[in-house]
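Please read the structure below before turning to the comments.
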Amino acid sequence: MRAFILIAGEGTRLRPLTTEMPKPLLPIVNKPVLQYIIEHLASSGVTEIMMNPGYKGEMIEQCFGDGQQFGVSITYLPEMIESQEGYRAIPKGSGTSLALAQQFYQFFDQPVLVLCGDAIIDLDIQKAMDTHSKSSALVSVLLKEIDASLAHKYGVAKIDETGCIKEFVEKPKIVDEVRCLANTGVYIFSPKSVSKIPLENGLDIGGDLLPKWVQQNERVMGINQPYQWLDIGTVEDYKKINHLTLKNQLCGQQPLAESPSFMSHSSRAKIAHNYPPTNSRLKRRKNSQIGNGCIIGSGTKLGESVIIGNNCVIGECCTIENSIIGPYCQIPASTNLTNSILTKDYLITFNRDGKWKKSIRLNSASSRKYFQSTDESHELLSIA
């Protein structure tokens, strides 16, 4: 089986987390979200994957390479153009990317699963493929029942008694129903469907192709097959899904096992050798995870739902709870961090109800009050 993963977007709703890192590489319990997707595809029998890197796409290629370490073959179809300043990302549109994949690689000479690189799923892929094949549909759309108050974030479909989509609206402002069927961004495209996509830039699957084909009475099927779908669309979603993963509540995955780091194994071993292991007097709750190569001072307490990335240095007598600390962060002694996401460049704080409160650029005057150390000369730093 084949799959096309859409990864060209900039992830603007996830800023500042995506300021320096593309959305598919954002770590979910110290493993990139895209890795969860690729591992699920591989375990489901997918052997060939194509991706369309755009924004900071070189980082994605460096991380996943040819896919051999995951038991798949990965081909890249970059959404880039060359200018006087060098190559830069320029989105062509998700629909256009499929047409280009067929033009240059004949990738759609069989039914292909198409999905986004920012949502973790546990879809029974073979069952969905079988349903698509039996329907003789031009394209099948995996649907999920959601509360109507969330409809503005997704495409919404109405199906008849046979499962055929009779109406499709992308991100409607008002929905009459209490519950509705949302487009999860997971599709199965037949070879015939891709041949109908014109070679022009800017064509979107949900915004252009599906509404047009439904209007033309093409056979577009909705598959309302139960599966877990966790869309990492906003900073609030990102924090929530990290904590669900930490508690082993995510798609049946086993996320607490050691996973590949962005560094090579030799580099990680060198860091672990040069620095002492985590202090034995560290107090931690069950639902916490510490990355590779971390140094944590004595007397530090880790409460519920704490994730610490690789190669962090945390001072003595800190208290951390319900927070995510990215890789290569340094926290001074006696820091109290709660309901937050900390990266090398930003501190993002949340209210108790999980709503995003504010983002603070680190190493600035506005950040000092959040990191008061017993040693006044010890400022919050980032490890180079």
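The values are calculated or read from the model by the stated rules, or taken from the named source; none is laboratory data. Values in this document were obtained by computation on a predicted structure and should not be read as measured data. Every residue, glycine among them, receives a Cβ derived from its backbone with ideal geometry; neighbour counts consider all protein chains shown. Only protein heavy atoms, including side chains, enter the accessible area calculation; ligands, DNA and RNA are left aside. Shrake-Rupley method; radii C 1.70, N 1.55, O 1.52, S 1.80 Å.
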field: Criterion violated by Gln102 - all others in (1) more than 19 Å from Pro191 (Cα to Cα); (2) touching a Phe, Trp or Tyr at 6+ places or on another chain (Cβ under 9 Å) satisfied
entry: (1)
- prompt: Out of region 26-44, which residues are open to solvent by 10 Å² or more (accessible area, probe 1.4 Å) and among the hydroxyl-bearing types (Ser, Thr, Tyr)?
  reply: Ser43, Ser44
- prompt: Looking at (1) open to solvent by 10 Å² or more (accessible area, probe 1.4 Å); (2) at pLDDT 90 or above; (3) hydrophobic (A, V, I, L, M, F, W, C); (4) touching a helix residue (DSSP H, G or I) at 6+ places or on another chain (Cβ under 9 Å), which is the one condition that is false for Met129?
  reply: (4)
message: Here is a check on your reading of the model: is Tyr328 in contact (Cβ under 8 Å) with a residue 24 or more places away in the chain, in contact with a Pro (Cβ under 6 Å, 6 or more places away or on another chain) and open to solvent by 10 Å² or more (accessible area, probe 1.4 Å)?
response: no
Yes/no for Leu113 being modelled with pLDDT of 95 or more and in a strand (DSSP E or B): yes
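Within region 45-61, can you find the residues that are over 13 Å from Pro24 (Cα atoms) and open to solvent by 30 Å² or more (accessible area, probe 1.4 Å)?
Selection gives Gly45, Thr47, Glu48.
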statement: For strands (runs of 3 or more DSSP E) lying entirely in region 127-219, having 3 or more residues that are of a type in the set (A, V, I, L, M) and within 28 Å of the chain's Cα centre (by Cα) picks out 139-147, 179-189
query: Quick one: in region 149-159, which of the residues that are among the hydrophobic types (A, V, I, L, M, F, W, C) and open to solvent by less than 20 Å² (accessible area, probe 1.4 Å) is modelled with the lowest pLDDT?
result: Ala151
- line: Contact list, first residue from region 207-230 and closer than 15 Å to Ala157 by Cβ, second anywhere and of a type in the set (Lys, Arg) and in a strand (DSSP E or B), beta-carbon distance below 8 Å, six or more apart or interchain, is Val214/Lys166; Asn224/Lys144; Trp229/Lys144
query: Name the residues in region 301-325 that are surrounded by 17 or more Cβ atoms within 10 Å (Cβ to Cβ), part of a strand (DSSP E or B) and polar (S, T, N, Q), would you?
result: Asn322, Ser323
query: under 12 Å from Gln289 (Cα atoms) and in contact with a strand residue (DSSP E or B) (Cβ under 7 Å, 6 or more places away or on another chain), is that true of Val313?
result: no
statement: Condition set in a loop (DSSP other than H, G, I, E, B) and touching a residue at least 12 places away in the same chain (Cβ under 8 Å), scope region 90-110, selection nearest to Ile49 (Cα to Cα): answer is Phe107
- prompt: Can you tell which of Asn310, Asn292, Asn322 is under 11 Å from Val29 (Cα atoms) and not acidic (Asp, Glu)?
  reply: Asn310
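Determine if region 95-102 includes at least one residue that is at pLDDT 90 or above, out of contact with any helix residue (DSSP H, G or I) (no Cβ under 7 Å at 6 or more places or on another chain), of a type in the set (Val, Ile, Thr) and buried (at least 17 other Cβ atoms within 10 Å of the Cβ).
Going residue by residue through region 95-102, those that are at pLDDT 90 or above are 95-102.
With out of contact with any helix residue (DSSP H, G or I) (no Cβ under 7 Å at 6 or more places or on another chain) added as a condition, the list becomes 96-97, 100-101.
Among the residues that remain, those that are also of a type in the set (Val, Ile, Thr) are: 96.
Among the residues that remain, those that are also buried (at least 17 other Cβ atoms within 10 Å of the Cβ) are: 96.
Yes, region 95-102 contains a residue that is at pLDDT 90 or above, out of contact with any helix residue (DSSP H, G or I) (no Cβ under 7 Å at 6 or more places or on another chain), of a type in the set (Val, Ile, Thr) and buried (at least 17 other Cβ atoms within 10 Å of the Cβ).
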- request: Specify the residue that is modelled with the lowest pLDDT; the eligible residues are those in region 78-94 that are open to solvent by 10 Å² or more (accessible area, probe 1.4 Å), touching a strand residue (DSSP E or B) at 6+ places or on another chain (Cβ under 9 Å) and not polar (S, T, N, Q).
  value: Glu82
